[in-house]
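Taking it in order: structure first as structure tokens, then the write-up.
The values are calculated or read from the model by the stated rules, or taken from the named source; none is laboratory data. No experiment lies behind these values; they were computed from the predicted model shown. Cβ sites come from the backbone with ideal geometry, for glycine too, and all protein chains shown count toward neighbours. What goes into the accessible areas is simple: the full protein's heavy atoms, side chains included, and nothing from ligands, DNA or RNA. Shrake-Rupley method; radii C 1.70, N 1.55, O 1.52, S 1.80 Å.
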Amino acid sequence: MFELIKLPYSLSELEPVISANTMAYHYGKHLQAYVDNLNKLVAGTELVDKPLEEIVKTSDGAIFNNAGQVLNHNLYFQQFASQAEISAIGDAAPQLYSLICRDFGSVEAFMLEFEQKGASLFGSGWVWLSQDASGKLHITQHSNADNPLRHGMTPLLTFDVWEHAYYLDYQNRRVEYLHSLWQIIDWKRIEERLK
């Protein structure tokens with residue numbers, strides 16, 4: 001059985017970037033619903049004891065939609081820390097910093113492209129930083145529950161652009177939401193996801 005992940009911070013520790021109110025709904029209601037739905041869907045099937053990543057890679061339909069959303073949200077919520085605990089990327093994640101500079105020219109250029117991809121994604125979905133088998137970093141857009149794992153890449157960082165992720169705090173200001181998230185990224189955690 002899958003369970004709601006435990007957060008490494010309290011619901012209010014990401015304020016003012018993400019409010020406790022948004023966390024209560026996004027984490028406490030939306031993610032919990034995906035976990036509950038996935039458990040109901042895999043009960044009594046050969047998938048019940050499979051790792052979440054394997055289910056995401058191999059399933060389709062309702063099982064994939066719920067498994068994908070559980071995985072995506074787990075990665076999303078586990079990449080944050082309170083602003084008091086955040087260090088600059090070069091200090092916290094020197095290997096990741098070097099790869100970003102290699103593949104995007106600078107951290108600033110990477111962040112700008114990442115925000116633009118998030119802002120231009122039509123409808124609901126996710127923008128990702130991921131790593132391919134050769135070690136190169138990519139920024140990709142994926143709709144609904146899709147993610148880089150389904151396309152042979154390792155997911156590193158993601159911004160959720162479903163409206164439920166930001167509407168209570170930012171209304172229709174998706175660009176402002178995307179720009180604000182950099183303040184709470186735990187770069188050390190992202191570097192730990194590298195292959």
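Angle of helix 32-42 to the longest C-alpha principal axis of the chain, folded into 0 to 90 degrees and rounded to 10: 40°.
The convex hull of the Cα atoms of region 1-45, projected and averaged over all directions, covers 3.2 nm². Can you work out the accessible area per residue across the chain, with the rest of the protein chains kept in place, probe 1.4 Å, in square angstrom? Result: 47 Å² of accessible area for each residue. Assuming charge only on the beta carbon of Lys and Arg (+1) and of Asp and Glu (-1), the dipole of the chain about its Cα centre is about 220 debye to the nearest 20.
Helix 94-104 and the long axis of the chain differ in direction by around 80°, with both axes built from C-alpha atoms. When shorter helices are ignored and each DSSP H run of at least 4 residues is given -39500 (n - 2.57), the per-residue value for the chain at 222 nm works out to -12500 deg cm²/dmol. In whole angstrom, note down how far apart the Cα centers of region 1-46 and region 164-189 are. Using only Cα atoms to place each centre, the spacing works out to 17 Å. Can you spot the aspartates and glutamates whose alpha carbon is less than 20 Å from LYS57's alpha carbon? Ignore those fewer than 8 places along the same chain. Straight-distance partners of LYS57: GLU3, ASP36, GLU46, ASP49, ASP132, ASP146, ASP160. Within the chain, the longest run free of GluC sites (Glu not before Pro) that sit in a DSSP loop with at most 16 other Cβ atoms within 10 Å is 47-195.
Taking Cα atoms only, the orientation of helix 107-120 departs from the longest principal axis of the chain by about 40 degrees. Within the shell of other residues whose beta carbon sits under 14 angstrom from the beta carbon of HIS26, the net charge comes to -3, with Lys and Arg scored +1 and Asp and Glu -1. For region 35-85, a simple Cβ point-charge model (Lys and Arg +1, Asp and Glu -1, everything else neutral) yields a dipole of about 80 debye relative to the Cα centre. Other residues with beta-carbon under 14 Å from the beta-carbon of LEU52 carry, at +1 per Lys or Arg and -1 per Asp or Glu, a net charge of -1.
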